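Scroll down for the structure; my scribbles are underneath it.
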Amino acid sequence: MTPASVRAQTTAVYGAGLVQGIALVTFPAASTIFTSPSHYGLSSTQYGGMFLPQVVTAITASFLGAGLGRRFGLKRVFLTGLLCDVVSMALLVVSSFCTGTRSLAFGLLLVATAFLGAGFGLVVPALNTFTAAFHPEGVDRAVLVLNALLGLGTALAPVFVAMFVGLGFWWGLPVLSGVLLVVLVVVSSGLPLKPAGTQAVATRAGPRDRLQVPARFWLFAGFAVLYGICETMNGNWSQTLMEKLGASATTASLALTTFWVMVTAGRILFALIQRVFPTTRTYHLLPFVLAGASLLVALLSHGDTGLGIVAFGLAGLGCSGLLPLTISFGQEQLVTMTPVTAGAVIAFYQFGYGIAAFGAGPLQQHGVSLASLYGVAAVLAVVMGGLSFWVARRRHRVPYLHPRPAVHADTGSG
């Protein structure tokens, strides 16, 4: 590939990372709109249930993505994922004009989140593979930049929602995301987007190969489920809690933004200092930071909105390195399933996401307070801290926080 071709493809991939991050958090960022009686009027159970289709399709896409890429080509999988995102944003916009018939609006939201889950499961693994393939001499830096842009997108979504709410049309965010996604589809369609090494993986990992799942994998799966629950309590329910504390919609959005900013900043920070602060030490420390933050959230009183923003920022730092490091340690240790480790871990993370996204709603309607649920999250984070010493011991140290995609690791070529 010529330098110009690499630059064009890198721009498209990085741009897709940023927009995918925005799209992914669009629904949680608009939580106050979905639960507002003057808009959708969803109950806590309905709001949580809205994310179940997303979980199912994200898990399915995570498991099937690698096989689909070998069969149809990674570019087609990538474009299909982007189109799923476009459909999701379009349905979200349409639903905003159907709130007079709330059952119809809720049905559209369910279909929209289903398409978003499929888009996430197909796009993100492809982005990591493209990034590594286009920068064979600087994989770690390139993947770090991609993840930083994904994180920036997740942090921008609440900001954009607050901005468009102030302008009087909150649905401006899905419109903006949809337009950007369509541009990405058009631009990406004209690019080769064919990483070297894909054929080599397809040859060695044919459909007849048997995947060997070691018993140790279930330790990683359990950790991912617990992490998914803890992250989602902060990512999906922070604005609801902040409103209960008396925060305005803008302040509630700021709390969610702070959470995602700190998730991104932490991933960059720990990647930069991993030579002096080993990845195993980071992995052991962060669950306890998350536990402390969750306990602080649970103890907040009405009016503690400023302290709430600080607590959610601390929770973001606690979450920051845990998921990518779980994948990295898994790829290092689970050698019989290295090509699918990332997808499998993300699938179980999504399972935890579903438990927290949906389960917190019915529990609230049965009298369990959100503060109590954050107390439970603090306990689960402590359990994660204990598990971290089994997942990552001193001899399991990995030289990178952001996991290298399997294609690059398997082929040794870009």
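The values are calculated or read from the model by the stated rules, or taken from the named source; none is laboratory data. Values in this document were obtained by computation on a predicted structure and should not be read as measured data. Reconstructed Cβ throughout: ideal geometry from the backbone, glycine too, with neighbour counts over all protein chains shown.
Let's see how each residue does on (1) in contact (Cβ under 8 Å) with a residue 24 or more places away in the chain; (2) not small (G, A, S):
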position: H302; (1), (2): yes, yes
position: G308; (1), (2): yes, no
position: A311; (1), (2): no, no
position: F358; (1), (2): yes, yes
position: A378; (1), (2): yes, no
position: V398; (1), (2): yes, yes
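Residue by residue through segment 29-39, note down the ones that are assigned to a helix (DSSP H, G or I) and under 20 Å from R102 (Cβ atoms). Result: S31, T32, I33, F34, T35. Go through the residues of segment 96-103 one by one and say whether even a single one is surrounded by 23 or more Cβ atoms within 10 Å (Cβ to Cβ), within 29 Å of Q364 (Cα to Cα) and out of contact with any Gly (no Cβ under 9 Å at 6 or more places or on another chain). Scanning segment 96-103 turns up no residue that is surrounded by 23 or more Cβ atoms within 10 Å (Cβ to Cβ), within 29 Å of Q364 (Cα to Cα) and out of contact with any Gly (no Cβ under 9 Å at 6 or more places or on another chain).
Scan segment 165-184 and tell me whether some residue there is closer than 28 Å to A344 by Cα, assigned to a helix (DSSP H, G or I) and at pLDDT below 95. Checked against the condition, which is being closer than 28 Å to A344 by Cα, assigned to a helix (DSSP H, G or I) and at pLDDT below 95, segment 165-184 yields no hits at all. The residues in segment 109-140 that are in a helix (DSSP H, G or I) and surrounded by fewer than 20 Cβ atoms within 10 Å (Cβ to Cβ) can be counted, and the count is 3.
Set side by side, the residues L74, L167, L104 differ, and just one is in contact with a helix residue (DSSP H, G or I) (Cβ under 7 Å, 6 or more places away or on another chain) and of a type outside the set (S, T, N, Q), which is L74. Considering segment 185-202, the residues that are modelled with pLDDT under 90, assigned to a loop (DSSP other than H, G, I, E, B) and of a type in the set (G, A, S) include one that is nearest to Q9 (Cα to Cα), namely A196. Comparison of L295, L285, L272 shows that the only residue that is surrounded by fewer than 22 Cβ atoms within 10 Å (Cβ to Cβ), more than 22 Å from M384 (Cα to Cα) and hydrophobic (A, V, I, L, M, F, W, C) is L272. Residue by residue through segment 64-95, note down the ones that are crowded, with 18+ Cβ neighbours inside 10 Å, farther than 30 Å from F34 by Cα and of a type in the set (G, A, S). Those that are crowded, with 18+ Cβ neighbours inside 10 Å, farther than 30 Å from F34 by Cα and of a type in the set (G, A, S): G65, A66, G69. Among the residues making up segment 299-313, those that are over 14 Å from A377 (Cα atoms), crowded, with 18+ Cβ neighbours inside 10 Å and not charged (D, E, K, R) are L300, T305, G308, I309, G313. Scanning segment 12-52 for residues being more than 15 Å from N236 (Cα to Cα) and either at pLDDT below 95 or not β-branched (V, I, T) (or both) gives a total of 13.
When the residues of segment 1-27 are filtered to those that are part of a helix (DSSP H, G or I) and without any contact (Cβ under 8 Å) to a residue 24 or more places away in the chain, the one that is farthest from L181 (Cα to Cα) is P3. Selection of segment 359-402 for residues being β-branched (V, I, T), assigned to a loop (DSSP other than H, G, I, E, B) and modelled with pLDDT of 95 or more yields only V368.
Look at segment 166-183: where a residue is outside the structural domain of G15 (by TED's automatic domain parsing), no partner that is surrounded by fewer than 13 Cβ atoms within 10 Å (Cβ to Cβ) sits 6+ places away or on another chain with Cβ atoms under 9 Å. Among the candidates S328, S294, the residue that is among the polar types (S, T, N, Q), in a helix (DSSP H, G or I), modelled with pLDDT under 95 and not assigned by TED's automatic domain parsing to the domain that holds G121 is uniquely S328.
Only a single criterion out of (1) out of contact with any helix residue (DSSP H, G or I) (no Cβ under 7 Å at 6 or more places or on another chain); (2) surrounded by 24 or more Cβ atoms within 10 Å (Cβ to Cβ); (3) polar (S, T, N, Q) is not satisfied by Q239, namely (1).
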